[in-house]
1. Test each condition in (1) of a type outside the set (D, E); (2) out of contact with any strand residue (DSSP E or B) (no Cβ under 6 Å at 6 or more places or on another chain); (3) away from every other protein chain (no Cβ under 12 Å) for A:T97 and report the one that comes out false.
2. Going through A:G43, A:G38 one at a time, which residue ends up being of a type outside the set (A, V, I, L, M) and open to solvent by less than 20 Å² (accessible area, probe 1.4 Å)?
3. Looking at (1) on the phi < 0 side of the Ramachandran plot; (2) open to solvent by 50 Å² or more (accessible area, probe 1.4 Å), which is the one condition that is false for A:C93?
4. What residue, among those in segment A:105-118 that are under 11 Å from A:A3 (Cα atoms) and more than 9 Å from chain B (Cβ to nearest Cβ), is modelled with the highest pLDDT?
5. Buried (at least 21 other Cβ atoms within 10 Å of the Cβ), over 18 Å from B:L7 (Cβ atoms) and more than 10 Å from every other protein chain (Cβ to nearest Cβ), is that true of A:A32?
6. Name the one entry in A:V54, A:V8 that is in contact with a helix residue (DSSP H, G or I) (Cβ under 6 Å, 6 or more places away or on another chain), closer than 28 Å to B:K106 by Cα and not charged (D, E, K, R).
7. Exactly one of these conditions fails for A:A66: (1) on the phi < 0 side of the Ramachandran plot; (2) surrounded by fewer than 19 Cβ atoms within 10 Å (Cβ to Cβ); (3) not hydroxyl-bearing (S, T, Y). Give me its number.
8. Which of (1) farther than 23 Å from A:F114 by Cα; (2) crowded, with 18+ Cβ neighbours inside 10 Å does B:F49 not meet, given it meets every other one?
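The values are calculated or read from the model by the stated rules, or taken from the named source; none is laboratory data. Just so we're clear, the structure is a prediction, and the values are computed from it rather than from any experiment. In this analysis, Cβ positions are derived from the backbone assuming ideal geometry, glycine residues included, and neighbour counts consider all displayed protein chains. Calculation scope for accessible area: heavy atoms of the full protein, side chains included, ligands and nucleic acids excluded. Shrake-Rupley method; radii C 1.70, N 1.55, O 1.52, S 1.80 Å.
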There are 2 protein chains.
Amino acid sequence: MNALLDLVLIDLYDCSRERLEDADLIRQGMMAAAEIMGAEVVGDSFHTFKPWGVSGTVTIAESHLAIHTWPEYGFAAITFETCGNHMDHTEACRYLTTFFCSGYAKVTHQKRGFMEFAGADFKYKQEVG
Amino acid sequence: MNALLDLVLIDLYDCSRERLEDADLIRQGMMAAAEIMGAEVVGDSFHTFKPWGVSGTVTIAESHLAIHTWPEYGFAAITFETCGNHMDHTEACRYLTTFFCSGYAKVTHQKRGFMEFAGADFKYKQEVG
């Protein structure tokens with residue numbers, strides 16, 4: 001049975017607190033991860049909380065990436081939700097683990113959007129409008 | 001063991017094609033769902049693809065919501081990622097299922113961001129900056 005979407009959950013522990021607090025830097029890191037993955041960015045939204053913590057989303061032609069950081073716990077929760085078979089989740093995950101100087105990464109991968117189509121030729125990526 | 005985040009995946013099948021194509025309407029629906037849930041919106045990013053299909057994210061003080069639509073399949077993949085115990089996922093999910101006139105909703109709920117803290121008093125929501 002085919003599924004439209006891949007969902008990769010990356011929980012990064014023991015990260016650099018400095019990196020987890022810097023929204024501009026985090027945005028750069030997430031954009032770089034999107035590029036490494038082979039995704040096409042179409043929009044983004046980042047926000048810094050008080051007294052610290054950053055939330056950000058990157059909308060891509062293949063779905064989205066998201067990040068939420070807790071500098072006080074050295075923790076970042078990163079999500080890749082993507083369509084298609086050409087996305088390199090592994091390299092993008094490796095990049096972000098290094099980017100945040102994480103001591104331990106818990107990664108899970110699941111499918112969603114199951115379709116009862118025969119074959120796997122359904123369209124997964126729309127053209128950017 | 002405590003977890004920082006709830007992840008609710010809502011796969012909506014047999015939806016109204018008209019609704020799945022309208023980015024403005026979808027944005028309104030997602031904003032309403034955030035409000036129903038009890039979330040505090042801090043940003044959003046929506047995009048319409050060619051020839052159809054909408055992707056959108058709503059950043060909230062409690063993490064984020066996301067949606068991706070495939071009008072040609074009558075399908076929408078919606079994600080709620082939230083912190084804290086006061087979020088009403090059930091009502092927000094019910095609202096969106098009705099909003100998209102979905103004939104069948106597949107919903108899963110999982111936890112992520114496990115922390116080895118004793119007690120459950122860690123801070124889950126930052127103040128909006």
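1. A:T97 satisfies every listed condition except (2).
2. A:G43
3. (2) is the only condition that A:C93 fails.
4. So the residue we want is A:K111.
5. no
6. A:V8
7. That leaves (2) as the condition not met.
8. Only one criterion in (1) farther than 23 Å from A:F114 by Cα; (2) crowded, with 18+ Cβ neighbours inside 10 Å is unmet by B:F49, namely (1).
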